[in-house]
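The values are calculated or read from the model by the stated rules, or taken from the named source; none is laboratory data. Computed from a predicted structure; not experimentally measured. Cβ sites come from the backbone with ideal geometry, for glycine too, and all protein chains shown count toward neighbours. These accessible areas exclude ligands, DNA and RNA; they are computed on the full protein's heavy atoms, side chains included. Shrake-Rupley method; radii C 1.70, N 1.55, O 1.52, S 1.80 Å.
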Amino acid sequence: MELPLLKEFVVIFSLSVAVIYLCHYVKVPAIVGFLLTGVVAGPHGLGLVKAAHEVEIMAEVGVVLLLFTIGLELSLGELMRLRKPVFLGGLAQVALTILAFAGGAELLGMPHGTAAFIGFLAALSSTAIVLKLLQERAQMDSPHGRISLSILIFQDLVIVPMMLLVPFLAGKGGESGPSLLFTMAKGAGIILLVFLLSRKLVPALLHRIVRTRNREVFLVSTLAFCLAIALLTSSMGLSLSLGAFLAGLIMAESEYSHSALEGIMPFRDVFTSLFFISVGMLLDLGFVIDHLPLVIGVTLSVLAVKCLLGGGATLMLGYPLRPALMVGLALCQVGEFSFVLAKAGVSYGLFDRNEYQLFLAASIMTMALTPFLIAGAPRMADVAVRLLPAGARLARRG
């Protein structure tokens, strides 16, 4: 008896070993290798994976575990210290990006609803890619790492209202207004619940589990807690990733957070790799080849505009030019949750097939370029500071 998806996983992971091995020798980041694996194995490549949708669903576990580990490395107290960059910096970045891209789409003659929807898609960055790269480079505690994390947290928070506004943009809004307010109220209730759990219930429960001196019980309990909170937020109309992040914050308040992080990391790495492969499967190579100049032009425009706006939002927080440029380079790609939003837009008629494929192609190319941009960000920021007199003054003040 053959297990469902077993063949797909064998193909995916076997092919990824070969691709990542080649990437290692040509000095290409592993994330790019996983994206290439998805392109080759997916339905628009060699068609080696038939159940692409099921693999994509499984890959969501990778995003959940990634956000959980990020929460584990923070704490509620530290998050409160980040409230200014989260809400002011995040709001500035999202609002400026929506205005810029919606305005550009309007100038190209697109309908108002579609133009605003394009702004929504462009405003989100890839939490999975950025945080994984910053963790690998030990830059999470750097100024640009903290600002990037703060803005990404705000982006995760605005995904829900964006999803609820999609019917309005398509001219089919009905009861979405009350739904939006109700969802925001539920979000506030979840945050209050998280605070209570982190202070009272979870530390005592973890203490009892650790007293068993059974590593398996502790690891399974950690996974169960992470997935349960993610399921709770999802059932209330919020995102899975937000719930996972909040679960990590709760456990970060206990003295066992480092043990939990050590146990979760192998699962996180495997499922996050699967996520990047599933993203690569979405790309239609035929469309890219037929419209290569357009895809390259859109990709470079997105990277440039988002870099400037992300850096501008950081400057508005009072940070010097150098970390502002590094934040801009870290957040200039299109995010994984934009794919979810784009699917909703297609179902409501905001995108046709060609527009959707152009979005996918440009978005995946921005993701593939992100590891190189983050790796080169310190050098590029140093060059910019030296070349710009105003930047040099800002750098000295910082």
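Every residue, every condition in (1) more than 30 Å from Asp352 (Cβ to Cβ); (2) out of contact with any His (no Cβ under 6 Å at 6 or more places or on another chain); (3) of a type in the set (Gly, Ala, Ser), yes or no:
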residue	(1), (2), (3)
Arg83	yes, yes, no
Val86	yes, yes, no
Leu91	yes, yes, no
Ala95	no, yes, yes
Ala100	no, yes, yes
His112	no, yes, no
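Taken together, the residues in the range 358-376 that are open to solvent by less than 10 Å² (accessible area, probe 1.4 Å) and in contact with a His (Cβ under 8 Å, 6 or more places away or on another chain) amount to 1. Under the condition of being buried (at least 17 other Cβ atoms within 10 Å of the Cβ) and either at pLDDT 90 or above or not in a loop (DSSP other than H, G, I, E, B) (or both), the residues counted in the range 65-87 number 12.
Yes/no matrix, rows are residues, columns are (1) in contact (Cβ under 8 Å) with a residue 40 or more places away in the chain; (2) under 19 Å from the mean Cα position of the chain (by Cα):
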| position | (1), (2) |
| --- | --- |
| Gly47 | no, no |
| Ala51 | yes, no |
| Val61 | yes, yes |
| Gly77 | no, no |
| Thr97 | yes, yes |
| Gly103 | no, no |
| Asp141 | no, yes |
| Arg146 | yes, yes |
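Just to verify a result, which residue in the range 332-356, among those that are among the aliphatic types (A, V, I, L, M) and within 18 Å of Ser301 (Cβ to Cβ), is surrounded by the most Cβ atoms within 10 Å (Cβ to Cβ)? Restricting to residues being among the aliphatic types (A, V, I, L, M) and within 18 Å of Ser301 (Cβ to Cβ), the top hit is Val334.
Are any residues in the range 165-221 of a type in the set (Phe, Trp, Tyr) and either within 30 Å of Ala342 (Cα to Cα) or modelled with pLDDT under 85 (or both), and if so, which ones?
Just the residues of the range 165-221 that are of a type in the set (Phe, Trp, Tyr), to begin with: 168, 182, 195, 218.
Answer for the range 165-221, where residues must be of a type in the set (Phe, Trp, Tyr) and either within 30 Å of Ala342 (Cα to Cα) or modelled with pLDDT under 85 (or both): Phe168, Phe182, Phe195.
Check Leu91, Leu107 and return the single one that is out of contact with any strand residue (DSSP E or B) (no Cβ under 8 Å at 6 or more places or on another chain), under 30 Å from Glu253 (Cα atoms) and at pLDDT 85 or above. On inspection, the qualifying residue turns out to be Leu91.
Could you identify the single residue in Ile31, Ile20 that is crowded, with 18+ Cβ neighbours inside 10 Å, under 21 Å from Asp269 (Cβ atoms) and free of Cβ contacts under 8 Å to residues at least 40 places away in the same chain? Result: Ile20 is the single residue among Ile31, Ile20 that is crowded, with 18+ Cβ neighbours inside 10 Å, under 21 Å from Asp269 (Cβ atoms) and free of Cβ contacts under 8 Å to residues at least 40 places away in the same chain.
Pairs are defined by a Cβ separation below 7 Å, a sequence spacing of at least 6 or placement on different chains, a first member in the range 300-315 that is of a type in the set (A, V, I, L, M, F, W, C), and a second member that is outside any helix (DSSP H, G or I); the pairs so defined are Val302/Val334; Leu303/Cys332; Cys307/Cys332. For the range 45-61, enumerate the residues that are open to solvent by less than 60 Å² (accessible area, probe 1.4 Å) and more than 23 Å from Leu227 (Cβ to Cβ). Residues satisfying the conditions are Gly45, Gly47, Val49, Ala52. Applying the set (1) over 30 Å from Ser259 (Cβ atoms); (2) touching a helix residue (DSSP H, G or I) at 6+ places or on another chain (Cβ under 8 Å) to Leu108 leaves exactly one unmet item: (2).
So that you can scan it fast, the table gives a plain yes or no per residue for (1) modelled with pLDDT of 80 or more; (2) under 26 Å from Ser241 (Cα atoms); (3) not in a loop (DSSP other than H, G, I, E, B):
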position: Phe9; (1), (2), (3): yes, yes, yes
position: Val17; (1), (2), (3): yes, no, yes
position: Cys23; (1), (2), (3): yes, no, yes
position: Thr37; (1), (2), (3): yes, yes, yes
position: Glu56; (1), (2), (3): no, yes, yes
position: Val61; (1), (2), (3): yes, yes, yes
